[in-house]
1. Which of (1) closer than 15 Å to G33 by Cα; (2) modelled with pLDDT of 90 or more; (3) of a type outside the set (V, I, T) is the odd one out, the single condition G111 does not satisfy?
2. Would you mind listing the helices (runs of 4 or more DSSP H) fully within segment 37-137 where at least 3 residues are touching a helix residue (DSSP H, G or I) at 6+ places or on another chain (Cβ under 6 Å), closer than 29 Å to M210 by Cβ and of a type outside the set (V, I, T)?
3. Among the listed residues D195, D160, D124, identify the single one that is of a type in the set (D, E, K, R) and under 30 Å from K75 (Cβ atoms).
4. Please specify each residue of segment 174-195 satisfying the condition of being exposed (fewer than 15 other Cβ atoms within 10 Å of the Cβ) and within 13 Å of L143 (Cα to Cα).
5. How many residues are at pLDDT below 90 and either among the hydroxyl-bearing types (S, T, Y) or in contact with a Leu (Cβ under 8 Å, 6 or more places away or on another chain) (or both) if we restrict to segment 15-45?
6. If I filter segment 181-192 for residues that are over 18 Å from the mean Cα position of the chain (by Cα) and either assigned to a helix (DSSP H, G or I) or at pLDDT below 95 (or both), do I get at least one hit?
7. If we keep just the residues of segment 46-69 that are among the charged types (D, E, K, R) and at pLDDT 90 or above, which is farthest from H169 (Cα to Cα)?
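The values are calculated or read from the model by the stated rules, or taken from the named source; none is laboratory data. Quick caveat, the model's predicted, so the values are computed rather than measured. Please note: Cβ atoms are built from the backbone with ideal geometry, for glycine as well, and neighbour counts cover all protein chains shown.
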Amino acid sequence: MMTAAVATPGFWSWSVNVPLVLIVDLAILYRLGDERTVKPDRTRDSRRRRSLCFYASLAVLAIALCSPIDALSEKLFWVHMVQHVLLLVVAAPLMVLARPWVRLWRAVPLGARRPLGRSLAQGDRAAPLRWTVRALGGPLPSLVLFSAVLLAWHLPALFDATLRSEPLHALEHTLFLGTALMFWKQVIHSPPLHDRLASVQRVLYVVAAMIVSWVLAVVLALSPHPLYAHYADLAQRCG
């Protein structure tokens with residue numbers, strides 16, 4: 001009943017919103033950085049594959065955040081879950097696999113890049129940032145953050161709040177993508193970022209995260225009553 005009553009956005013019902021602007025900006029920066037990068041001929045094929053992965057990750061982000069999926073996610077719970085899956089297990093690993101970090105950095109003009117690099121690497125003001133990166137960038141903190149963010153935003157109070165507040169919803173998606181990038185960089189080799197896990201450890205690492213997501217999925221699927229008031233109210237109005 002609810003599905004039939006929902007006004008389905010058309011295929012071309014895309015949103016020109018802040019995420020789309022940021023996605024386009026990232027594509028432009030990557031292109032600029034690529035033009036400023038010395039590229040030996042022997043690495044041509046691998047560069048093309050990484051560029052394809054990067055642009056594919058941006059396309060997935062656009063589909064998740066700017067396509068009709070975004071509008072439908074406020075009306076259909078399962079579409080909302082698809083949106084989260086696209087962010088966490090499609091866009092994020094594709095971006096890590098692409099290794100875009102050096103190219104994005106080289107998009108910054110050289111005159112600004114050098115002092116900024118020195119400040120980040122050695123400056124006193126950036127010391128707390130360096131400490132935070134070292135403290136949270138390891139495998140265990142990344143796994144804990146990834147799992148905690150996933151579980152916390154699916155608590156009924158927070159979940160319903162994101163559907164009432166666009167800024168809060170944007171924060172949710174930002175944390176999802178950020179912690180997912182931290183998680184996947186432990187599993188996928190993505191220089192100059194450091195990965196510290198051996199092959200067997202990477203498998204166990206992914207399994208640990210999967211267990212957390214499975215537990216969440218079981219709770220959502222087997223709950224004897226609606227967990228999220230927003231969707232329960234929609235169902236009552238459309239029933």
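1. (2)
2. In segment 37-137, the matching helices (runs of 4 or more DSSP H) lie at 44-66, 77-86, 92-98.
3. Sole residue among the options that is of a type in the set (D, E, K, R) and under 30 Å from K75 (Cβ atoms): D160.
4. G178
5. Counting residues in segment 15-45 that are at pLDDT below 90 and either among the hydroxyl-bearing types (S, T, Y) or in contact with a Leu (Cβ under 8 Å, 6 or more places away or on another chain) (or both) gives 4.
6. yes
7. That would be R48.
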